[in-house]
1. How many of the residues making up region 34-56 are under 14 Å from Val18 (Cβ atoms), hydrophobic (A, V, I, L, M, F, W, C) and assigned to a helix (DSSP H, G or I)?
2. Any residue that is modelled with pLDDT of 90 or more and among the acidic types (Asp, Glu) - is there at least one of those in region 188-204?
3. Answer yes if at least one residue in region 299-320 is out of contact with any strand residue (DSSP E or B) (no Cβ under 9 Å at 6 or more places or on another chain) and either open to solvent by less than 70 Å² (accessible area, probe 1.4 Å) or modelled with pLDDT of 65 or more (or both), and no otherwise.
4. Out of (1) open to solvent by less than 20 Å² (accessible area, probe 1.4 Å); (2) under 26 Å from His239 (Cα atoms), what's the single condition that is false for His213?
5. Out of curiosity, is Phe145 at pLDDT 95 or above, closer than 23 Å to Tyr261 by Cα and assigned to a strand (DSSP E or B)?
6. Does Arg241 satisfy the criteria of being at pLDDT 85 or above, open to solvent by 10 Å² or more (accessible area, probe 1.4 Å) and either closer than 24 Å to Ala108 by Cβ or within 20 Å of the chain's Cα centre (by Cα) (or both)?
7. Of the residues Ala258, Ala246, only one is surrounded by fewer than 16 Cβ atoms within 10 Å (Cβ to Cβ) and either under 24 Å from Val135 (Cβ atoms) or aromatic (Phe, Trp, Tyr) (or both); which?
8. Which strands (runs of 3 or more DSSP E) sit wholly inside region 165-253 and have at least 3 residues that are within 20 Å of Pro331 (Cα to Cα)?
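The values are calculated or read from the model by the stated rules, or taken from the named source; none is laboratory data. These figures come from a predicted structure and were not determined experimentally. Because the Cβ atoms are built from the backbone with ideal geometry, glycine has one as well, and the counts that use them run over all protein chains shown. All accessible areas refer to the heavy atoms of the entire protein, side chains included, with ligands and DNA or RNA removed. Shrake-Rupley method; radii C 1.70, N 1.55, O 1.52, S 1.80 Å.
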Amino acid sequence: MDSTAGPSYYKRNPVFSVLVDGLLDLDRADLGYPQFKGLWELLLADKRSVEERGLYCPTCYKQNPGQIEWMYVYTKRGLRIAAHHNSDQRDHGDGESDQHKALKERFARAAELGGFRAELEVCAADGRRRTDVLVTGANGRQIGFEPQLSYATAPAVRKRDSIAREEGITPVWHVLDAKAPLIDHVHWSRTDNLPPEAIRNDRDMLVRGGVRHLELDKCDHTNPQPCPVRRSGRCGNWHPRWEPRARQLDDLVRDIAAGDYLPLTTKQSQRILRFWISRTDFDLFTDSGGQEASPEEPAPKKKRIRIPVQRDAECIRTRTESDCRSTPQPPRDSGEVVRPAVTITRTTRPQPHPTFVPPPRECPTINVTWDQRQAAAIKAGCKPWELGPCAGCGTPINRYGLHPAHACAPCRARYGNR
């Protein structure tokens with residue numbers, strides 16, 4: 001069957017043949033070499049090892065002449081296909097999407113603004129690995145940022161992740177879909193699905209998943225949850241709780257490169273979870289006896305033995321659209337709270353995130369004459385009766401007028417904005 005009919009919807013790869021010493025045109029019946037009769041049938045019938053067939057990828061050879069990526073050919077639905085023998089080598093076709101390119105540029109730019117070196121499309125010497133963005137972080141640590149926008153199975157991503165770690169690279173997989181199969185099989189992060197223009201123009205990108213922070217709960221009668229260590233009752237100690245934390249993508253890139261954020265693997269029930277945490281939380285968790293879970297590989301599924309059953313020829317059923325509906329797949333990034341069975345050696349309640357905390361003193365008041373009140377009101381830009389004391393230091397400020405404030409500017413800068 002001639003495969004030259006119209007443009008193909010299947011991704012095509014260029015292939016070089018040593019036999020004809022040139023590129024093969026898979027869209028032509030004679031592959032571009034009419035002097036070689038039955039060339040396509042000859043290539044299909046060649047059952048020698050792939051290295052002996054003499055077919056290799058010219059694109060990979062141009063990028064790395066020292067490493068030849070061998071190929072093989074086959075037919076699929078009447079189309080002639082050339083594929084890489086190395087399953088880890090990506091196929092060459094229409095190229096990356098604009099969204100994928102924008103994410104790579106965003107990762108590299110964020111790292112460089114933090115003073116770190118970033119390289120795009122770095123290939124290993126043996127051709128087994130190609131990293132989208134390779135960042136050299138603090139103390140020479142290498143971090144590989146891998147935006148994975150297309151569908152990829154969890155085993156394939158785990159294999160690529162393992163190859164990168166064997167070469168001393170810490171991979172950071174990035175997805176846009178909460179149902180991505182690689183979530184929790186490798187250490188990952190997730191942002192919203194934004195267009196390429198929004199990614200390139202330094203628009204704020206919040207990391208919605210894959211990053212958590214440590215919260216502490218007092219195990220007493222005020223806590224509705226049972227003791228995670230005893231499984232019942234209350235022990236009166238502190239227990240950790242991993243909560244999802246939204247971070248700016250650029251800040252997370254720089255924090256990981258600086259070593260301020262580390263990967264953690266933990267176990268929740270029978271599920272292995274992987275996420276990023278701050279070094280402070282990591283030290284507190286591990287110093288209190290918390291341990292990382294071993295990266296267990298999923299057990300292979302047992303093959304089901306199907307016993308053939310003779311079907312009734314008279315049993316005919318018309319399948320309608322309602323019969324083909326399936327249950328929607330739940331998101332893997334569920335944002336559930338992780339409560340490890342660990343006791344934190346801490347005796348004081350952790351301080352909440354600072355908003356505005358006035359110093360421990362009596363409520364300040366203003367004790368001034370009317371003339372002094374009028375002068376202070378002119379300075380504060382309000383009416384004399386709208387004047388009030390700063391909650392921090394007692395300085396007269398616009399407390400009750402138009403655009404009032406709870407504290408003066410120096411106190412807000414010192415204790416945090418309300």
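1. So the answer is 4.
2. Yes: region 188-204 contains one or more residues that are modelled with pLDDT of 90 or more and among the acidic types (Asp, Glu).
3. To start, the set of residues in region 299-320 that are out of contact with any strand residue (DSSP E or B) (no Cβ under 9 Å at 6 or more places or on another chain) comprises 299-320.
With either open to solvent by less than 70 Å² (accessible area, probe 1.4 Å) or modelled with pLDDT of 65 or more (or both) added as a condition, the list becomes 320.
Yes: region 299-320 contains one or more residues that are out of contact with any strand residue (DSSP E or B) (no Cβ under 9 Å at 6 or more places or on another chain) and either open to solvent by less than 70 Å² (accessible area, probe 1.4 Å) or modelled with pLDDT of 65 or more (or both).
4. (1)
5. Spelling it out, Phe145 is indeed at pLDDT 95 or above, closer than 23 Å to Tyr261 by Cα and assigned to a strand (DSSP E or B).
6. Taking the combined requirement at face value, the residue does not satisfy it.
7. Values: Ala258 fails: surrounded by fewer than 16 Cβ atoms within 10 Å (Cβ to Cβ).
When all the criteria are applied, what remains is Ala246.
8. Details: elements: 169-175, 188-191, 206-209, 212-218, 238-244.
Result: 169-175, 188-191, 206-209, 238-244.
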